[in-house]
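Notes follow the structure.
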Amino acid sequence: MSEPDFEVFNQEWADRVIGRVSSKGIDGYLGFKITDVQPGKLVCEMPVTEEIITYIGNMHGGCISALCDHVLGTVMYPVMPAGYWAATTEFKINLLAPVKGGTCVATAQIINMTRRMAVVRISVENEGRLVAAAQGTCAIAAPRS
């Protein structure tokens, strides 16, 4: 499959978010940190903390789902025209292995993009092994006048 040809890449946006952890929202609470942005690709890390480990000793799957949802939409921003926004409309996730500690690394890759929607694949690794695979759709909207 050929990769989408991106007409736009906002390097300023990428430079502003790389290495930053938000101080609010679910992404801030879970400590998401974007570590790499390229046209159509984004990498984000999440530390596995005591607060998100369940009573059986594994990270709650909802935290991995939140990570996938976050990168699914965020990967769109550097390749959309200024002022546009993206919203996840659906995604499917396969949780492949338990996570007990360390760091989860999500890689989102846009596999198809039009003016109104995009399909994104996400893989999540923990300490070098694949722990989740997801795919989803984002709606893309132009700014309202």
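Only helices enter the 222 nm calculation for the chain: every DSSP H run of n ≥ 4 contributes -39,500 (n - 2.57), and dividing by all residues gives -5000 deg cm²/dmol, rounded to 500. Sequence-distant contacts, meaning Cα pairs under 8 Å at least 6 residues apart, place the relative contact order of the chain at 24 percent. Amide hydrogen proximity for Val99: with H placed 1.01 Å from N in the peptide plane, the residues at 5 or more positions away or on another chain lying under 5 Å are Met59.
Computed with the Debye formula from one identical point scatterer per Cα of the chain, without solvent, the log10 of I(q)/I(0) at q = 0.12, 0.16 Å⁻¹ comes to -0.47, -0.82.
Treating cross-link reach as a plain straight distance, find the lysines whose alpha-carbon is under 17 Å from the alpha-carbon of Lys24, omitting any fewer than eight places away in the same chain. Hits, sequence-local ones excluded: Lys33.
Karplus-based coupling profile of the stretch 109-123, in residue order and whole Hz: 10, 6, 9, 7, 8, 10, 5, 10, 7, 8, 10, 10, 9, 10, 10, with θ = phi - 60° in 6.51 cos²θ - 1.76 cosθ + 1.60 and x standing for Gly or Pro.
Ignoring ligands, DNA and RNA, what percent of the accessible area of the chain is carbon or sulfur (1.4 Å)?
50
Each of Val120, Ala86, Val17 was placed along the dipole of the chain (beta-carbon charges, centred on the mean Cα), and the one lying farthest toward the positive end is Ala86. The chymotrypsin sites (Phe, Trp or Tyr not before Pro) found in the stretch 38-145 that occupy coil by DSSP, while having at most 15 further C-beta atoms within 10 Å, are Tyr55, Tyr84. Using the Karplus relation 6.51 cos²θ - 1.76 cosθ + 1.60 with θ = phi - 60°, the per-residue 3J(HN,Hα) values for the stretch 15-24 come to 4, 5, 9, 4, x, 9, 10, 5, 9, 9 Hz, with x marking Gly and Pro. Of the trypsin sites (Lys or Arg not before Pro) found in the stretch 51-145, the ones in coil according to DSSP and having at most 14 other Cβ atoms within 10 Å of their Cβ are Lys100, Arg115, Arg116, Arg144.
Annotation for Arg144 and Gln11: the two label points, set 7 Å from Cα along the Cα-Cβ direction, are 3.5 nm apart. The overall shape of the stretch 46-101, judged from the alpha-carbon gyration tensor, is prolate: a/c is not under 1.5, and a/b is greater than b/c. In this label model, Tyr55 and Thr88 are separated by 2.7 nm, measuring between points 7 Å along each Cα→Cβ vector. Using the alpha-carbon atoms, what tilt in degrees (0 to 90, nearest 10) does helix 61-74 show relative to the longest principal axis of the chain? Between helix and principal axis, roughly 20 degrees.
The values are calculated or read from the model by the stated rules, or taken from the named source; none is laboratory data. Because the structure is predicted, anything quoted here is derived from the model rather than measured. Neighbour counts run over all protein chains shown; Cβ positions are idealised from the backbone, glycine included. In case anyone asks, the SASA skips ligands and DNA or RNA and just uses the protein heavy atoms, side chains included. Shrake-Rupley method; radii C 1.70, N 1.55, O 1.52, S 1.80 Å.
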